[in-house]
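Here, each number is a calculation from the coordinates, and none is a lab measurement. All figures in this text were calculated on a predicted structure; none of them were measured in a lab. Cβ placement follows ideal geometry from the backbone for every residue including glycine, while neighbour counts extend to all protein chains displayed.
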Amino acid sequence: MFRKPCEVGNFSLDIDRIFNDGKDMMKYYHKPDKPGNVCFDLKLGYKSMVRKDESKDELINDILRWIMRNRKCFQTAEDQATITDSKPSRNLHTDFVCWRGLLTKLLCTPYESRDGWMIAVTLHKGTYYMNEYETEKKKSDKAATTERQDQMAYWGWKFEQYVSTSEPNGIPDTDSPVNNCEAYCTVIRSRLEKHSIVYSGEVDAVDLDCSSENKYVEFKTSREIDTPRQNQNFKRFKLIKWWAQSYLVGIPLIVCGFRDDDGIVHRLQNFETAKIPDIVKDLRDPWEPNVCFNFLNQFLEFVKRTVTTDNHKVVYLFDWEPPGDIGCRRLEEGSSYCFLPDWYVND
């Protein structure tokens with residue numbers, strides 16, 4: 001039903017968020033000597049963090065930049081026989097283009113009870129481009145973020161610094177300011193039933209000791225589990241998101257740093273992505289991957305039936321708030337939700 005994800009490329013974003021078609025920002029997993037007994041203080045350096053400018057909505061522009069530089073990845077044999085350098089093919093032969101995070105949200109929707117979503121879709125030369133926008137609830141939640149919540153978000157980035165290096169077999173640099181500007185992203189091609197999808201997602205690091213074909217690793221932090229109730233919540237609400245996020249790009253390993261309330265990580269635990277659905281089977285009414293993918297498939301079918309105007313200036317807005325139904329409306333041509341830039345459309 002869901003074809004094994006295939007990496008077709010990658011790109012990096014530097015500290016100024018400048019795009020580079022390559023692996024410049026790729027990091028390497030540095031496994032501690034004693035993963036079960038560490039002491040990582042995630043609070044260190046909070047005040048000196050270099051932050052991404054959240055006021056700039058980057059949309060799907062970096063994926064579009066990658067596509068423009070790698071159009072040969074989308075050529076069919078027929079294309080190669082007819083196109084020239086002066087007249088390249090503009091048909092991607094791909095149904096959907098989006099960020100991995102959007103697909104993660106959709107996969108988790110059947111089991112989501114709190115957070116809704118809003119997705120803009122535009123049809124351009126036969127391909128449906130999808131971009132997620134913040135809901136009003138998300139905007140108000142962000143505006144009401146407390147310093148404690150902001151610190152805890154920082155802890156996740158600081159953890160990455162403790163367990164990754166810029167060079168193979170290097171030593172983690174935990175003294176430099178943490179920044180969430182730099183990124184290394186994989187570009188994936190996959191298929192779900194009749195839908196071909198190209199999407200991109202950020203990758204934390206490469207594990208050179210991994211025996212899998214895909215050597216990427218995902219880093220997470222989580223509060224140490226002390227009670228059966230906490231264990232249930234961890235499996236029901238957190239593991240589904242971890243699984244969906246990593247499964248979509250074929251990441252085989254998730255490394256979690258379990259921390260206390262003071263932001264100290266005391267131990268690391270590995271989770272094999274493919275085995276996570278088995279871990280949750282002892283829940284009452286556990287979440288199931290096939291339910292997630294069935295919903296995603298039905299949503300993509302719904303988009304294809306609904307979005308029928310091939311015009312990059314026409315956007316259809318799909319929105320959902322639990323526990324309601326999915327809403328959809330066709331916006332006025334040239335609305336503020338148009339997200340395909342002229343430099344891409346006119347390329």
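Quick note on region 34-86: its Rg to Rh ratio, both from C-alpha atoms and Rh being the Kirkwood radius, is 1.36. If a/c stays under 1.5 just call it rounded; otherwise compare a/b with b/c (prolate if a/b is bigger, oblate if not). Do that for region 97-171, with a ≥ b ≥ c from the square roots of the Cα gyration tensor eigenvalues. Since a/c reaches 1.5 but b/c is at least a/b, the shape of region 97-171 is classed as oblate. Rounded to the nearest 20, the Cβ-based charge dipole of the chain about its Cα centre (Lys and Arg +1, Asp and Glu -1) stands at 660 debye. Across region 6-345, C-alpha contacts under 8 Å between residues 6 or more apart give a mean separation that, scaled by the residue count, equals a relative contact order of 27 percent. Which of the three applies to region 136-272, rounded, prolate or oblate, going by the alpha-carbon gyration tensor with a ≥ b ≥ c and a/c under 1.5 meaning rounded? Verdict is rounded for region 136-272. Computed over Cα pairs, the Kirkwood radius of region 272-347 leads via Stokes-Einstein (1.002 mPa s, 20 °C) to a diffusion coefficient of 136 µm² per second. With the convex hull constructed from alpha-carbon coordinates only, region 192-264 shows a mean projected area of 6.9 nm² over all directions.
When you count, for each residue, the other Cβ atoms within 10 Å and take the mean per peptide, how do 151-157, 108-114 rank with the highest first?
151-157, 108-114
On a straight-distance basis, which lysines could pair with Lys142 in a cross-link, Cα separation under 30 angstrom, same-chain partners fewer than 8 positions away excluded? Filter leaves Lys27, Lys43, Lys47, Lys52, Lys56, Lys105, Lys158, Lys220, Lys235, Lys238, Lys241, Lys313.
Farthest towards the positive end of the charge dipole of region 60-172, among the residues Val121, Gln80, Pro168, is the Cα of Gln80, using unit charges on the Cβ of Lys, Arg, Asp and Glu. The convex hull defined by the C-alpha atoms of region 51-146 has an orientation-averaged projected area of 8.8 nm². Among Ile119, Ile171, Ile60, the largest mean-square fluctuation in a Gaussian network model of the chain, built with springs joining Cα atoms closer than 10 Å, belongs to Ile171.
Of the three principal axes defined by the Cα atoms of region 6-345, the extents in descending order read 59, 45, 38 Å.
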